[in-house]
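No lab work stands behind these numbers, since they all come straight from the coordinates. No experiment lies behind these values; they were computed from the predicted model shown. Positions of Cβ are backbone-derived with ideal geometry, glycine not excepted, and every protein chain shown enters the neighbour counts.
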Amino acid sequence: MKIKLMQVGQIGTNCYLLEDETTRCAAIVDPGGEAQGILEQIRETGAQVCAILLTHGHYDHTGAVRELRQALPGVPVYLHPADAALLGTAVMPPIGETVPYGDGDTVAVGPLAVHVMHTPGHTPGGVTLRVGDVLFTGDTLFQGSMGRTDLGGGSYEQIMASLRQLGGLEGDFQVLPGHMGLSTLEQERKGNYYMQEAMGR
């Protein structure tokens, strides 16, 4: 498994290219902008994109989807139905048809199994994607912080429950968030005020 980080868009969203090194099958996680730059990175790796995975529907995580669809026809775009229902609003622009996925679902990226965890709070349909020892946490969990809950559909109570769910996972994981620096789950358990609050510490 190989993961490449690209910071894209006006506010530097973390976009990831998740690639199975054996089959060269890859998924793009949260293409928030700069579609041509993302495509250049894909061409450099020689990977074959088989899915676009969205942790939520906000524009800064979906901004390149329409242009990528033109360049990668037939590649499915996955989004939780609760956010898909809000596409076309101010913060969730239309991106075309999406494939629904939700809690407990698995998406195959070659032989890699991407497990979906519904982690609402930043948005109603926010998800965390778990593959191996990696968590793509979108705007649920950041290094030392968490996502905003004051936008449409946000909920402090829900994001606390989502952080509690993540904190309760057994073992340690790499945390690859939607913004800012990378972390580990154990670092966040020990040093993230919001996660500690969520876990009652």
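Tabulated values for the structure
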{"item": "Cβ charges +1 (Lys, Arg) and -1 (Asp, Glu), total dipole of the chain, debye", "result": "60 debye"}
{"item": "Degrees between helix 156-167 axis and first principal axis of the chain (Cα, 0 to 90, nearest 10)", "result": "80 degrees"}
{"item": "Antiparallel bridge percentage (DSSP; both residues within the chain; nearest 5)", "result": "65 percent"}
{"item": "Antiparallel bridges, percent of DSSP beta bridges restricted to region 81-197 (to nearest 5)", "result": "80 percent"}
{"item": "Cα principal axis extents for the chain, largest first, Å", "result": "47, 38, 30"}
{"item": "Dipole of region 2-198, positive direction: furthest Cα of I38, L163, G147, with charges on the beta-carbon", "result": "I38"}
{"item": "Mean Cβ count within 10 Å, highest first, over the residues of peptides 116-124, 155-163, 83-91", "result": "116-124, 155-163, 83-91"}
{"item": "Separation between Cα centres of region 60-103 and region 135-187, rounded to whole Å", "result": "21 Å"}
{"item": "Helix-derived mean residue ellipticity, 222 nm - over the chain, DSSP H n ≥ 4, -39500 (n - 2.57), to 500", "result": "-6500 deg cm²/dmol"}
{"item": "Calculated P(r) of region 59-143 - Cα pairs past 19 Å, %", "result": "41 percent"}
